[in-house]
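Just passing along the structure, written as structure tokens.
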Amino acid sequence: QVHLVESGGGLVQPGGSLRLSCAASGFPFPFSSYTINWYRQAPGKERELVARAGDNTNFLDSVKGRFTISRDNAKNTVYLQMNSLKPEDTAVYYCNAVNQWGNFWGQGTQVTVSS
């Protein structure tokens with residue numbers, strides 16, 4: 001059974017940092033074959049793509065220079081390092097793994113940036 005589990009969310013003050021993890025298990029194909037996306041959804045807003053780790057890495061303009069994405073294929077884990085967090089980064093963050101054979105989602109982890 002496929003599982004994607006996000007962790008690392010929480011409450012942080014503006015300017016602080018968090019590192020989110022996305023751990024995968026039970027995938028039918030090698031983890032390295034999947035593009036991993038981090039999405040977020042704030043209350044009342046549409047889900048938006050924040051970062052992508054595939055053949056290339058891509059970032060939402062508003063997080064460029066603050067967020068980085070990395071993956072450890074040996075551990076089937078992808079990390080989203082978030083620095084200089086702003087209140088507008090508050091959202092539920094979701095991990096998504098996709099390749100030509102499948103599309104999987106995690107349950108999300110809440111990130112709240114507030115003083």
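The values are calculated or read from the model by the stated rules, or taken from the named source; none is laboratory data. Computed from a predicted model, the values in this text were never measured in an experiment. Neighbour counts are summed over all protein chains in view; Cβ atoms, including those assigned to glycine, are modelled from backbone coordinates with ideal geometry. Only protein heavy atoms, including side chains, enter the accessible area calculation; ligands, DNA and RNA are left aside. Shrake-Rupley method; radii C 1.70, N 1.55, O 1.52, S 1.80 Å.
Look through the stretch 1-49, keep the residues that are part of a strand (DSSP E or B) and among the β-branched types (Val, Ile, Thr), and return whichever of them is most open to solvent (accessible area, probe 1.4 Å). I'd like the intermediate steps shown before the answer.
Restricting attention to the stretch 1-49, the residues satisfying the condition of being part of a strand (DSSP E or B) are 3-7, 10-12, 18-25, 35-41, 48-49.
Now drop any that are not among the β-branched types (Val, Ile, Thr), which leaves 5, 12, 35-36.
On the way: Val5: 71, Val12: 21, Thr35: 39, Ile36: 0 Å².
Checking each candidate, the answer is Val5.
Residue pairs, Cβ under 7 Å, 6 or more apart or interchain, first in the stretch 92-108 and within 11 Å of Thr35 (Cα to Cα), second part of a strand (DSSP E or B) and of a type in the set (Asp, Glu). List them.
Short answer, once both residue conditions are applied: Cys95/Glu6.
Restricting the search to the stretch 50-79, which residues are in a loop (DSSP other than H, G, I, E, B) and of a type in the set (Asp, Glu)? Don't jump to the end; show me each part of the working.
At the first step, the residues of the stretch 50-79 found to be in a loop (DSSP other than H, G, I, E, B) are 54-56, 60, 64-66, 73-76.
The one that is in a loop (DSSP other than H, G, I, E, B) and of a type in the set (Asp, Glu): Asp55.
Next question. Would you point out the residue of the stretch 63-113, among those that are of a type outside the set (A, V, I, L, M), farther than 17 Å from Gly8 by Cβ and open to solvent by less than 60 Å² (accessible area, probe 1.4 Å), that is modelled with the lowest pLDDT?
In this case the residue turns out to be Gly102.
For (1) touching a residue at least 12 places away in the same chain (Cβ under 8 Å); (2) over 22 Å from Asn56 (Cβ atoms); (3) not small (Gly, Ala, Ser), each residue gets a yes or a no:
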{"residue": "Gln1", "(1), (2), (3)": "yes, yes, yes"}
{"residue": "Ser7", "(1), (2), (3)": "yes, yes, no"}
{"residue": "Leu18", "(1), (2), (3)": "yes, yes, yes"}
{"residue": "Ser25", "(1), (2), (3)": "yes, yes, no"}
{"residue": "Tyr34", "(1), (2), (3)": "yes, no, yes"}
{"residue": "Trp38", "(1), (2), (3)": "yes, no, yes"}
